1. Which one of A:ILE140, A:ILE121, A:ILE196, A:ILE174 is at pLDDT 95 or above, in contact with a helix residue (DSSP H, G or I) (Cβ under 8 Å, 6 or more places away or on another chain) and either surrounded by fewer than 19 Cβ atoms within 10 Å (Cβ to Cβ) or within 14 Å of another protein chain (Cβ to nearest Cβ) (or both)?
2. Can you list the strands (runs of 3 or more DSSP E) found entirely within the stretch B:1-95 that contain at least 1 residues being modelled with pLDDT of 90 or more?
3. Restricting to the stretch A:186-198, what's the tally of residues that are part of a strand (DSSP E or B) and under 19 Å from A:ASN119 (Cα atoms)?
4. Report those strands (runs of 3 or more DSSP E) wholly inside the stretch B:100-161 carrying at least 2 residues which are closer than 22 Å to B:PHE190 by Cβ, over 17 Å from the mean Cα position of the chain (by Cα) and more than 14 Å from chain A (Cβ to nearest Cβ).
5. Give just the number: which of (1) within 12 Å of chain B (Cβ to nearest Cβ); (2) over 30 Å from A:HIS96 (Cα atoms) does A:GLY182 not satisfy?
6. Quick test for you: out of A:PHE148, A:PHE49, A:PHE83, pick the one residue that is outside any strand (DSSP E or B), touching a strand residue (DSSP E or B) at 6+ places or on another chain (Cβ under 9 Å) and within 11 Å of chain B (Cβ to nearest Cβ).
7. When you go through B:ILE58, B:ILE82 one by one, which is the residue that is within 14 Å of another protein chain (Cβ to nearest Cβ), in contact (Cβ under 8 Å) with a residue 24 or more places away in the chain and either more than 22 Å from A:SER22 (Cα to Cα) or surrounded by 15 or more Cβ atoms within 10 Å (Cβ to Cβ) (or both)?
8. Quick check on my filter: what residues within the stretch A:159-185 are farther than 23 Å from A:LYS87 by Cα, in a strand (DSSP E or B) and not hydrophobic (A, V, I, L, M, F, W, C)?
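The values are calculated or read from the model by the stated rules, or taken from the named source; none is laboratory data. Just so it is clear, the model here is predicted, and its values are computed rather than measured. Cβ placement follows ideal geometry from the backbone for every residue including glycine, while neighbour counts extend to all protein chains displayed.
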Amino acid sequence: MGLISDGTTVFDAGVMASGFGSSLTLIKKSTASSAGSLSFMNGSNGVVFDSTYKEYIIFITNWNPATDNKNGEFSFSTNGSNFGVAKTTTNFRSTHEEDATESGLSYQTSYDLAQSTGNQIICEGMGNGADENSCAILHIFDPGNTTFVKHFICQSSTMAHNNKTHNDNVSGYINTTSAVVGIKFECESGSQFDGIFTLYGVS
Amino acid sequence: MGLISNGTTLLDAGALDSGVATGAMTLIKTLTASSDGTLSFVHGASSVVFDGTYKEYIFKFINMHASTDNSEAQEFEFNVSIDGGSNYNVAKTTTTFRSGHNETDTTTQLSYVGSYDLAQGTGFQGLTEGDGIDNDQSCSGTIHIYNPADTTFVKHYMSNFNVYRHNNFSANWYTAGYANTTSAVNAIRFKYLGGNIDSGTIKMYGIK
């Protein structure tokens, strides 16, 4: 049953019409506590990660590794079990040290990928101090599409292990025309970590 | 017909009451390209709101794909109008930089792109460069436009796209600037420099 007001459909088929309500839908908030990895898989634990939304945004808050100087990384899956999908990516950084001895803007050849199936680093050299952490915003466009590659854009801010701020800008494409159904976050070398990972869909 | 709950009006005359919490990001309009020369959002036309209702507008671009011109010269671009879409020729001063990396790992880039900025230019502003037209190639990204209806200040915008280029590069494009007018901006147009927009989705949002 729908609800129509003055000729305008407000609700129908169990959903609010576009133009009403917010277009940013909280899908899942996951809190990592000494976790080895954290994943969002379509159809698992209430996660939607398919063609329902044309864009997904993941906010990463206070990503803190158990071991000092570890990278924060992610990878994608097209089948829910294998996260080795080829990616071509680009990575640049602005940085500044607390004692002002170092600053700059530069391309990061060590942290980009050229058709690599490995993890993409988005937060390099995270510190494990009590106040050290990384925060990031990751946009993933149309993961359920089966015609085009899947673009993503990520920006992070890291308080690194050596008391620098890193502003890492990573973007690229997942070079597959299969639907991407999941994403996994890990720390370098399997280091455990804490943090809050929140998945939104953009209507 | 209105809907009243416990004495509180929730909706009437086809609109939610302003006191109903709805979130801060509102989808205004979705356009889907199908071999279109241009796609435009004009205030007051086709249910588009592009005025002082919102202080910020966001446009999302999902898998924009050009029909022709698989070369360096291809670009996805935009311009704005202050006369309801009759003319898209507002002067803009802009700045552009990009990072890039190819699939064979032989080239990386991080550079200012002097050929893609404008200094009071009235032409279209490029948001990407060298878009590929293979079946799986496209670009996706976002533009933020701030307070377009303001009649005191110029109108700022910022954009960020990722592009799968014709030569198998991934390129991350950043463009920002201002439309140098104190007139209200009330329309925006998107197109490719060469050929049609073969396919793609553009979604317009208002931010409360």
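1. Numbers: A:ILE140 fails: in contact with a helix residue (DSSP H, G or I) (Cβ under 8 Å, 6 or more places away or on another chain); A:ILE196 fails: in contact with a helix residue (DSSP H, G or I) (Cβ under 8 Å, 6 or more places away or on another chain); A:ILE174 fails: in contact with a helix residue (DSSP H, G or I) (Cβ under 8 Å, 6 or more places away or on another chain).
Just one listed residue meets the conditions, A:ILE121.
2. B:25-36, B:38-42, B:56-66, B:76-81
3. The qualifying residues number 6.
4. Once the strands (runs of 3 or more DSSP E) in the stretch B:100-161 are filtered for at least 2 residues that are closer than 22 Å to B:PHE190 by Cβ, over 17 Å from the mean Cα position of the chain (by Cα) and more than 14 Å from chain A (Cβ to nearest Cβ), what remains is B:119-121.
5. (1)
6. Criteria check complete, one pass: A:PHE148.
7. On the way: B:ILE82 fails: within 14 Å of another protein chain (Cβ to nearest Cβ).
The match here is B:ILE58.
8. Within the stretch A:159-185, A:LYS164, A:THR165 qualify.
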